[in-house]
Amino acid sequence: MRTPRSALLAVVSVGALAVGGATGALASHDGGGTDSYGGRGAFRAASYINSDAGANPNVDPNSSCFTPDQYDRQRVSTKVSGNPGNRNVHNDACFLDMNGNKADGPASFQSFGVGYISACPDPDGSGPKYAVLSDTNGDGRKDLCFQSGYQEMPLPTTPGQEEFHARVNNTSVNGTQRVVWCSDADADGCSDEDVKDGITVSWFGGDDSRY
């Protein structure tokens with residue numbers, strides 16, 4: 001019988017609070033947010049689309065873990081723009097404890113539908129944390145971004161500290177991309193996880209479009 005991931009997170013966070021490093025424990029920090037995918041237990045997931053300081057005008061400029069905007073309508077990127085792409089979408093996320101504080105722990109972004117994950121940054125540069133971007137179904141598109149913990153850069157004022165980050169992109173056909181973000185200690189995606197949230201991007205202007 002599989003132990004619900006939310007219960008596991010609650011147990012390890014009480015027994016071994018940690019800051020930094022590649023760890024299965026969640027560490028309590030500042031923050032807050034919501035969970036639309038039904039995460040249960042002591043921790044919730046909050047995933048949102050970042051407006052990129054106004055560069056993505058379709059997204060609420062106040063979108064955050066506190067007030068997440070989880071839907072974007074975006075024109076398909078040009079193929080020559082490469083990665084992350086000239087119209088890529090910035091997906092950020094947080095773990096939140098019962099008091100609305102941010103927490104650390106291994107997590108994954110997983111993409112479904114059209115498009116792919118175009119950026120999966122290392123959470124701490126040359127530090128012990130790491131990120132792995134992979135193609136789980138062999139279709140040539142990167143669909144799983146695993147990160148061993150949240151962003152921790154040397155300067156505490158670095159934008160995006162104590163949050164998780166990925167970028168998604170589409171350079172081909174119209175359609176919907178759903179990106180689920182979850183607690184993922186076993187680094188195998190979100191289908192077997194309970195603590196998760198997600199965003200949706202509606203891409204238009206692709207090869208089969210009249211735009």
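Computed from the coordinates by the stated procedures, all read-outs in this text should not be read as laboratory data. Everything numeric here is computed off the predicted structure, so don't read it as measured data. Every residue, glycine as well, gets a Cβ built from its backbone with ideal geometry; the counts of neighbours run over all protein chains shown.
Note on LYS196: lysines with a C-alpha under 28 Å away, same-chain residues under 8 apart excluded, are LYS102, LYS129, LYS142.
Across the options PRO154, SER183, THR200, the greatest Cα extent toward the positive end of the charge dipole of region 147-211 (unit charges at beta carbon of Lys, Arg, Asp, Glu) belongs to THR200.
The Rg/Rh ratio for region 109-211 is 1.01, where Rg is the radius of gyration of the alpha carbons and Rh is the Kirkwood radius. The string of couplings for region 163-170 from the Karplus curve (6.51, -1.76, 1.60, θ = phi - 60°) is 9, 9, 9, 8, 10, 10, 8, 8 Hz, one whole number per residue in order, with x for Gly and Pro.
Computed from label points 7 Å out along Cα-Cβ, the spacing between ASP52 and TYR130 is 2.9 nm.
Restricting attention to region 62-145, which trypsin sites (Lys or Arg not before Pro) occupy a DSSP loop and are surrounded by at most 11 other Cβ atoms within 10 Å? All intermediate terms of the calculation are to be shown ahead of the outcome.
Numbers: sites: ARG73, ARG75, LYS79, ARG87, LYS102, LYS129, ARG141, LYS142; in loops: ARG87, LYS129, ARG141, LYS142.
Passing sites in region 62-145 do not exist.
Please state the charge dipole magnitude for region 85-211, taken about the Cα centre, from unit charges on C-beta atoms (+1 on K and R, -1 on D and E), reported in debye and rounded to the nearest 20. Can you show the working numbers first?
On the way: 9 positive and 20 negative charges, 124 e Å.
Once rounded to the nearest 20, the dipole reads 600 debye.
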